[in-house]
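Asks: First the structure, which I've put down as structure tokens, then a few questions once you've had a look.
Here, each number is a calculation from the coordinates, and none is a lab measurement. A quick note: this is a predicted structure, and the numbers were derived from the prediction, not measured. As a convention, Cβ positions derive from the backbone with ideal geometry for all residues, glycine included, and neighbour counts pool all protein chains shown.
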Amino acid sequence: MALQSSGQISLNDIHVEAGGSSGSLCEINDSDIRGLISKSSGAQMAFNEWYGASSSITATLRQGSTSSTSFTLSGLSSSATTLIAGVYFWHEDVYGQGSAPVPSVNGNNMTRDVYRHATFSNETQYISFYRYYIGTSTSVTMGRSGAPTGGWNSQGMGIWECTGNISASSTSTAGSYYASSISMSANAGDVVFVGAAHNWSAPSDISNLDSQQGAGQHKFGVDMKSSSGSVTYSTSQTVGGLAAVRYTP
């Protein structure tokens, strides 16, 4: 479980989160303790930097892919939490493509971590992942700006709740237009999100994911890493390509 996001925090609290035994000897410069916030040996550190820190990340789907532009997420964890949004958009350019959707939390735009934009003939596709730290809020209002303008289009957004105040460590995209696999290296305790964009039919499942969901012409999924190493995520041939992002505690 992630450390608290406010109030008094002790070195023992931090040590336990890092995997140590409660009450055992430790120092703030120990590698496991500073590793929770990615600090180098001897770096200046303050206890409030460990607010929301976690030794591993869990990801829970809170909203399956939806085309709604405004909705409420409630019943979220009261522990430190980051929301991840997978966003998909496809449009026939011959009708005017509009603008790529941008998700928001309580009126604040989320941070985009990876972005795959593909064009082919008269089609445009976007697939991306966004992040926003909500602290201990248990209810938020999700929004999405940007929309296609006329003609044929398809769009969707899925939301995951992740433990802690996490950050994007590495990203990858695949396919100048067509692609069927993408690889990502990660450590135990990280999570990797993968998205695939198709055209006229829903994509097949993406391999090596713990869970996935999607609608229409896209799928999003998550791999909660229990071991370190590189993994290749595969699906049937995509039209809009694939995007992946690795998040670290």
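Asks: Once you put a point 7 Å from the Cα of residue 115 and another 7 Å from the Cα of residue 46, both along the Cβ direction, what distance in nm separates them?
Replies: 3.2
Asks: Please give the contour-minus-distance gain from residue 167 to residue 187: 0.36 nm per residue of separation, less the Cα-Cα distance, rounded to one decimal in nm.
Replies: 5.8 nm
Asks: Does segment 59-248 come out rounded, prolate or oblate by the C-alpha gyration tensor, with a ≥ b ≥ c the root eigenvalues, rounded set by a/c under 1.5 and, if not, prolate when a/b is larger than b/c and oblate if not?
Replies: Taking the square roots of the gyration eigenvalues as a ≥ b ≥ c, segment 59-248 is oblate.
Asks: So if we plug the beta-carbon distance of residue 69 and residue 27 into 1/(1 + (r/R0)^6) with R0 = 51 Å, what FRET efficiency do we get, rounded to 0.05?
Replies: That gives a FRET efficiency of 0.55.
Asks: Sticking with this structure for a sec: Would you kindly derive the ³J(HN,Hα) couplings of segment 62-68 from the backbone phi angles with the Karplus curve 6.51 cos²θ - 1.76 cosθ + 1.60 (θ = phi - 60°), listing them in order in whole Hz, with x for Gly and Pro?
Replies: Going residue by residue, I get 10, 8, x, 3, 9, 9, 5 Hz, with x marking Gly and Pro.
Asks: Choose one answer from 211, 172, 41: the residue with the largest mean-square fluctuation in a GNM of the chain with alpha-carbon springs under 10 Å.
Replies: Checking each option, the largest mean-square fluctuation is seen for 41.
Asks: May I ask you to compute the full-extension gain from residue 12 to residue 236, defined as 0.36 nm times their residue separation minus their alpha-carbon distance, rounded to one decimal in nm?
Replies: Extra length available between residue 12 and residue 236 comes to 75.8 nm.
Asks: What is the extension gain from residue 210 to residue 108, computed as 0.36 nm multiplied by their sequence separation minus the C-alpha to C-alpha distance, in nm to one decimal?
Replies: Contour length minus the Cα-Cα distance gives 33.7 nm.
Asks: Would you mind classifying segment 11-50 by shape? Square roots of the alpha carbon gyration tensor eigenvalues, ordered a ≥ b ≥ c; an a/c under 1.5 is rounded, otherwise it is prolate if a/b is larger than b/c and oblate if not.
Replies: Because a/c hits 1.5 or more and a/b exceeds b/c, segment 11-50 counts as prolate.
Asks: For 219, 225, what's the fewest-to-most ordering of other Cβ within 10 Å of each Cβ?
Replies: Listing 219, 225 from fewest to most nearby Cβ atoms yields 225, 219.
Asks: Now for a different question. Between 170, 185, 22, where does the largest GNM mean-square fluctuation fall for the chain, given springs only between Cα atoms within less than 10 Å?
Replies: It is 22.
Asks: Can you tell me which of 186, 80, 43 moves the most in a GNM of the chain? Springs connect C-alpha atoms under 10 Å apart.
Replies: Maximum fluctuation in the GNM of the chain, among the listed residues, is at 43.
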